[in-house]
Amino acid sequence: METATPTLKTILVAVDFSTGSRTALEQAARLAGLNGAKLQVLHVVDAAAVAALADSREENYETHAKLATEGASTALTRWMAQSTAPADYDVTIAIGNPLHEILEHACTLKADLLVAGIAGAGEMPAGAGSISSKLARKVQTPVLLVRTNHPQAFRKIVACIDFSATSRAVAEQARRIASKDGSLVDFLHVWQEPWAAMAYPTPFADTGVPAAVPTPEERETYMQEIRNELHGFVRHAAQGIDATEVLHESFSHGNGIVAHAQESQADLIVVGGKGRTNLRYVLLGSTAERLLTRLPCSLLVVKLPVENL
């Protein structure tokens, strides 16, 4: 069965005047141009900061909110004039909680893609800021977190596959980008031996003792089954693009993804928000902050509509 390539009609990019959001804007503008999509630019004035300033000066909140919004609009006009965004983009200035406003606008606009910088106004030296990581968890729209100073085409993409329904959406998104950018796509499956996954804990070590030790023949048989499943998946998913099948053994799916991305010098990781290995929690849950702070490249998180889960 041939895989349908998704169409981008509306791209929403959230900006905060940081270096990271400048790169996110340029990447969003580039993708909008390639896909003939409408570019929507959103800047959110933090209502809590406005309220704190008004309180410190013992002045009216509404007055400060109006001044802050007008100032942001003027600054954004100048900021956008230095970009490569298409002339028909739309700009929105909102005031409120940044995370809430971005999520609301993504829903209201029915955005096909939300773009933000990995590092926001806080200018973290590496990895995702708090707003970016929360967007990756909460938004239902595919969200692209762009590495600072990477506005150009994605030449090497790692599409993370666990053979779930979400993996098909991951493959579709990876293929869409690759078809526009001429990218090489690694279809990556991170695996762990089932007997290692069932290890019993020991009182003197963090790691456990496997419930069973496989023979070389059992291990090879298991690996061949995975190879066959991955090959069957990629045969359909990679139609029309340059692709490679990659198996990576790791005790942690998230760590295995990051390790391969580093080894392959990937520009983009495409991962499902939830799948058979529940990567929603592997990459975006309790270990999320550690992984997101050391992402080696940009990250696209793909989720299925709720009715398809």
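Listed values, structure above:
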{"item": "Residue that is farthest from V115 (Cα to Cα), among those in segment 143-163 that are crowded, with 24+ Cβ neighbours inside 10 Å and aliphatic (A, V, I, L, M)", "result": "I161"}
{"item": "Condition check for L8: aliphatic (A, V, I, L, M), closer than 26 Å to G182 by Cα and surrounded by fewer than 18 Cβ atoms within 10 Å (Cβ to Cβ)", "result": "no"}
{"item": "Top-ranked residue in segment 157-190 [being among the hydrophobic types (A, V, I, L, M, F, W, C) and part of a helix (DSSP H, G or I); ranked as farthest from G232 (Cα to Cα)]", "result": "I177"}
{"item": "Strands (runs of 3 or more DSSP E) fully within segment 193-309 counting 1 or more residues that are modelled with pLDDT of 90 or more", "result": "242-249, 268-272, 298-302"}
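The rows are residues; the columns are (1) surrounded by 19 or more Cβ atoms within 10 Å (Cβ to Cβ); (2) of a type outside the set (F, W, Y); (3) more than 30 Å from the chain's Cα centre (by Cα).
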{"position": "D16", "(1), (2), (3)": "yes, yes, no"}
{"position": "T19", "(1), (2), (3)": "no, yes, no"}
{"position": "T23", "(1), (2), (3)": "yes, yes, no"}
{"position": "Q27", "(1), (2), (3)": "yes, yes, no"}
{"position": "A48", "(1), (2), (3)": "no, yes, no"}
{"position": "A51", "(1), (2), (3)": "no, yes, yes"}
{"position": "N60", "(1), (2), (3)": "no, yes, yes"}
{"position": "A65", "(1), (2), (3)": "no, yes, yes"}
{"position": "A85", "(1), (2), (3)": "yes, yes, no"}
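The values are calculated or read from the model by the stated rules, or taken from the named source; none is laboratory data. If you're wondering where the values come from, they're calculated on a predicted model, not measured in any experiment. Neighbour counts are summed over all protein chains in view; Cβ atoms, including those assigned to glycine, are modelled from backbone coordinates with ideal geometry.
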